[in-house]
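Here is the structure we will look at.
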Amino acid sequence: MKLVPYSQQAVYNNISDLTNLEKVRDRVPEDKVQGFSFDADTVSLNVAPVGELKLRICDREEPKCVKFETVQSPVPFNVWVQVLPVDENSSKMKVTVKAELNPFIKSMVEKPLQEGVEKIAEALAMVHYE
């Protein structure tokens with residue numbers, strides 16, 4: 001869980017519309033991510049060594065959760081971004097990934113996937129949501 005110094009509604013409003021990724025475009029490391037593009041519902045990027053990823057918002061539960069599914073990925077997975085209120089000016093954000101993996105693939109991608117989720121959560125926690 002990452003503490004975010006903005007209200008639950010402000011955070012939800014920003015993560016539920018992916019055009020707001022423009023605010024963090026300059027923080028995306030170009031040596032690790034290429035082809036970073038997005039619209040209101042989808043985000044695409046090419047991540048070394050994983051390859052081409054495209055995620056789409058598949059569910060929005062205002063103001064507490066945005067769910068994503070893979071459209072294009074070497075490994076299919078879902079991502080949930082939950083936003084929980086702390087008080088009127090702060091909230092907590094939790095990013096969860098669920099992937100159906102066979103044991104062989106799981107041993108290879110589990111750690112990079114977890115590290116990727118942690119980087120997503122850190123980036124989302126740094127966004128100015130007002």
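A compact table of results
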| item | result |
| --- | --- |
| Stretchable slack from D59 to F36, in nm (0.36 nm times residue separation minus alpha-carbon distance) | 6.1 nm |
| Alpha-carbon spread of the range 44-114, three principal axes, descending order, Å | 44, 22, 20 |
| Under 14 Å from the Cα of K2 - aspartates and glutamates, other chains or at least 8 residues apart | E118, E122 |
| Qualifying aspartates and glutamates (Cα of each under 20 Å from Cα of K119; at least 8 residues distant if same chain) | D17, E22, D26, E30, D31, E52, E69, E110 |
| FRET efficiency estimate (nearest 0.05) - Cβ-Cβ, E130 to V75, R0 25 angstrom | 0.10 |
| V97-L3 pseudo-label distance in nm [points 7 Å out on the Cα-to-Cβ vector] | 2.7 nm |
| Additional length obtainable on full extension of the chain from E122 to D17, 0.36 nm per residue less Cα span | 36.0 nm |
| Separation of alpha-carbon centers, the range 14-46 and the range 66-130, rounded to whole Å | 14 Å |
| Where Rh is the Kirkwood radius over Cα pairs, Rg/Rh for the chain | 0.96 |
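Read-outs: derived from the displayed coordinates by stated rules, not from any lab. Just so it is clear, the structure is predicted and the values come from calculations on it, not from any experiment. Positions of Cβ are generated from backbone atoms using ideal geometry, with glycine treated the same way; all protein chains shown enter the neighbour counts.
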